[in-house]
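The values are calculated or read from the model by the stated rules, or taken from the named source; none is laboratory data. All values reported here derive from a predicted model rather than from experimental measurement. Positions of Cβ are backbone-derived with ideal geometry, glycine not excepted, and every protein chain shown enters the neighbour counts. To get the accessible areas, we keep the full protein, side chains included, count just its heavy atoms, and leave off ligands, DNA and RNA. Shrake-Rupley method; radii C 1.70, N 1.55, O 1.52, S 1.80 Å.
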Amino acid sequence: MKSELGTGPSFWRTVRVLLGAARKRSNGRRRRQRELLQNRASKNATDWSELGFLFAILFGFIISGLAAFVVTAAVDSGERAEAERQGKIVVSRQFLEAAREAFADSSRAEDRWLNGSYYSSEAKEIAEKYGGTEAAIEKKLRDAARTHGAGDFITSSQASPGFTAFPKAGPIAGMLGSVILIWWGAMLVFQGEGLELDTQRRTHPMWEWLFTHPVQAGAVFLAEMLSPLAANPTYWGAPVFVGILYGLVYGPELGILAALLAGIPLAIAAACLGKALEIGVTLRFSPRSRGAMIGLMSWMGYASMVLMFAGVLVIPKIVSAIGKFLSIFTVVPWPWLRLFVGGQSDGSFSFPWGIMHCWIAASVAITGAVWFSAWGAQRGLSGNFSSADARPSAPRRGTRFGKEPLYRKEFLWFIRDRSAIVQTILIPLTVAGFQVFNLRGILVHAQGAWNYLCGVGILFGTYFLWILGPKSLSSEGSALWIALTWPRGLESLLKAKAWLWSLISSGLVAVVLCYAAFLFPTESWKIALVGIGWFFFGRSMAEKTVTLVTVTSASGEREQIPWGRRWAAQLGMLTFCVGVLTQQWHIAVVGIVYSYMTAAAMWENFRARLPYLYDPWSEKIPPPPTLMHAMIAISILVEGGSVFTGIISVAAGRENIAIAQAISYGICAVIVSLGTANFLSERGVSAREVWRWGPAQEGEPKRWWRRVWILAGESIGPLLSGAAGGLLLGLFARGYLAILLHVPPVAELIRQSQEQMAKIPDLKISYAVMAVGFAPFAEEYLFRGLLFRALEREWGGWRAVLGSAAFFAIYHPPLSWLPVGLLGITNALLFKKTGRLAPAVILHMVYNAVVLS
């Protein structure tokens, strides 16, 4: 029997076979991605995978080269800190030469130097490069010059003689260089096979072959550990790091040789250590924590790599700020960088000595990783969670989060699924932090302006919601179907998700707003208003992102979110933030209202397809006219008017731009109204269903012109009510305008507008024709006949009335929002009360006539 089974393949043959299988599996994954791309685009879609892999290799080389320069920057900063500990002040060469020349003649030093402008320019240069306040640096320079002349000043080249001099410079330089070296090693160790965000996906590690094949455990684990080298090109650039540092010490030829002799073994060792940690997490952690730990390791590798970009610029400033405290950490020896490059105790360097240290470190790491993985497998694959998951934990007092079970369910999901913290907190924070570093110029202004600081907080909260939504939905995977068995529907569950997301993001934004209120106490009331605006804006953003939910197939693949739905969710996403940043509050209000309308429109469509979430081939869109139809038609009216205004103003001249605007709006009003009516007619929506409220009655004529005639003459009472309402609202608007004339900043704008109307006689006539003859029909058809009707189905009650009025108001100048908003409220109520749109049109016409008179 033993001879039939054989002894199995040898150690290295097993490694080669498994690495070949890993290579084939990687090719298969790339083919699958290419097939998905071709299915979404075209059968002949271009395959960019190989080109992308080459760019990834280039990026890995750049990261490693950048890490080497971060080491040199840390060493230079340490040498500079050592010089400052000895009482020296690092200045530019021009400053030092001028100081020596001035203080050579003591009789002229007081006049030419101590009272000169040299200090301010030098202090500004030092502050920009190393941080600190210009006033404090200038005072330090003046005090040193007054006390010791030019004796305390040294140049940067004297303070930081270079990378090769760090063993003689002092312990701070060696410590900082060793810290960056460890940082680079940790970055490689935690790289793994790439950034792992989908912690719920199924994995099939090749060490499962131990169950079915007579192979050696060490060979299997070694092959598993080497797999990241083929999957993640970041490891390919690791020798560049070694080559650059050795090249600075020994020259370019030996630097290239060191990259081959030491860089490759160190890259292999880092991959083995990272894989050993991943295997240890898989074997010893519970399923609830396993995904979180793997995601946390991946985040650490990603965050370390991102921080390398900021290291070159940030490290000199950090060392300059905390240089006086660094000596505390030098009590512990830091010989790692010196041993890494072959430094001797006397300050000399030995190339073989450095290569030997790298070999020893790589050998210990590889051997320890393989032994640890094999030892863990021999201890058993059950992990340490068999007893913990045997029964559900008993409820504890104080764990209930409110009385609403859906809110409690979402809160418990967030604190129990530990991978959610990695997906929804750490990764967005890291990406946002990197973007903040890229936009650090804006943050400099934010420190001196409360609106900039609030705008940055809102931008981060918006980005957080945009990332949090899809990640949270995808993390539940196929378990989302469980909600279909609840007494409450899936819609309630997703609403609870939106509430939780908005709550988390609001907490993060509140921290920034509180900090802004602390820095600018006199602007606290404005900051409080921004916080109230964010509460509503964040809730609408969360509701939009929750509609991006997709199902997960049995194989664990998520459906792609249609780009049209993604773009719809982005509408109004940054408008509120831009309004706060620029202190244009009408734009901030427009962003809140528009985001709320977009959320309502997306929920109307989402509710229609929700029953078919797991059967998308059978889904149906909601019956027209929908809220999205109304918003698109209104947007076309506004955008089309702008385009026509530009065309007509070019032909007629810029001095006639106001007349061109009136003519363009009239043309677009007719085109959009007729086009929308034709669009709805082709989908079974007659004109009567828009102009009348409620179902059609029996005996009505079929021809549309007869119905319009009956609609206008059936009852004089509603039409007279509309005319009276228009007269009252118009008089209110005139009184409101008279009050504004007593507000100095606003009065000047109103007077300029009145003077322009008086100078151009045809302008008032054009506005009158547009405002009385075209606008009432088009706007009532779109805002009340379509928008308010759709909002009444979606929201109902006063919320629909106020929402339609607010959306109607934001398309008018900010000064007219109050009377125009009252006009929208009155017309919505009149339309619903009388059941006819004609009285609302009459009210609108009379109102515009009174205002323009």
Seminar exercise, completed: Largest-first ranking of H213, H844 by accessible area, probe 1.4 Å, whole protein assembly kept, is H213, H844
Exercise. Once amide H atoms are built 1.01 Å from N in the peptide plane, which residues 5 or more positions from V91, or in another chain, come under 5 Å H to H?
Worked result: I154, T155, S156
Seminar exercise, completed: So S345 and R683, fully extended at 0.36 nm per residue minus their Cα-Cα distance, gain in nm 113.0 nm
For this session: Apply the Karplus parameterisation 6.51 cos²θ - 1.76 cosθ + 1.60, with θ equal to phi minus 60°, to every residue of segment 69-79 and state each ³J(HN,Hα) to the nearest whole Hz, in sequence, with x for glycine and proline.
Result: 5, 5, 4, 5, 5, 5, 5, 4, 5, x, 5
Exercise. Taking the highest mean first, how do the peptides 517-526, 337-346 order by number of other beta carbon atoms within 10 angstrom per residue?
Worked result: 337-346, 517-526
Problem set entry | Per-pair calculated FRET efficiency, R0 = 41 Å: L503 and V743 via Cβ, rounded to 0.05 | 0.60
Seminar exercise, completed: Sorted on mean Cβ neighbours within 10 Å (highest first), peptides 174-182, 506-514 come out as 174-182, 506-514
Exercise. What is the set of long-range amide H partners of E619 at a cut-off below 5 Å, with H atoms built 1.01 Å from backbone N?
Worked result: none
For this session: Return the sequence-ordered ³J(HN,Hα) values of segment 767-774 in whole Hz as given by the Karplus equation 6.51 cos²θ - 1.76 cosθ + 1.60 applied to θ = phi - 60°, using x for Gly and Pro.
Result: 5, 5, 5, 5, 6, 9, x, 10
Exercise. Once you charge only the Cβ atoms, +1 for Lys and Arg and -1 for Asp and Glu, what is the size of the charge dipole of segment 740-853 about its Cα centre, to the nearest 20 debye?
Worked result: 340
Exercise. Once amide H atoms are built 1.01 Å from N in the peptide plane, which residues 5 or more positions from G343, or in another chain, come under 5 Å H to H?
Worked result: S350
Seminar exercise, completed: Going through K88/K324; K168/K317; K497/K833; K495/K620 one by one, the pairs whose alpha carbons sit over 25 Å apart turn out to be K497/K833
Exercise. At a probe radius of 1.4 Å, what is the per-residue accessible area of V589, in Å² to the nearest 10?
Worked result: 60
For this session: Compare the peptides 671-679, 255-263 by average per-residue count of other Cβ atoms within 10 angstrom and give them in order, highest first.
Result: 255-263, 671-679
Exercise. Which whole-Hz couplings ³J(HN,Hα) result when phi for each residue of segment 353-361 is put into the Karplus expression 6.51 cos²θ - 1.76 cosθ + 1.60, θ = phi - 60°, listed in order with x for Gly and Pro?
Worked result: 5, x, 4, 5, 5, 5, 5, 4, 4
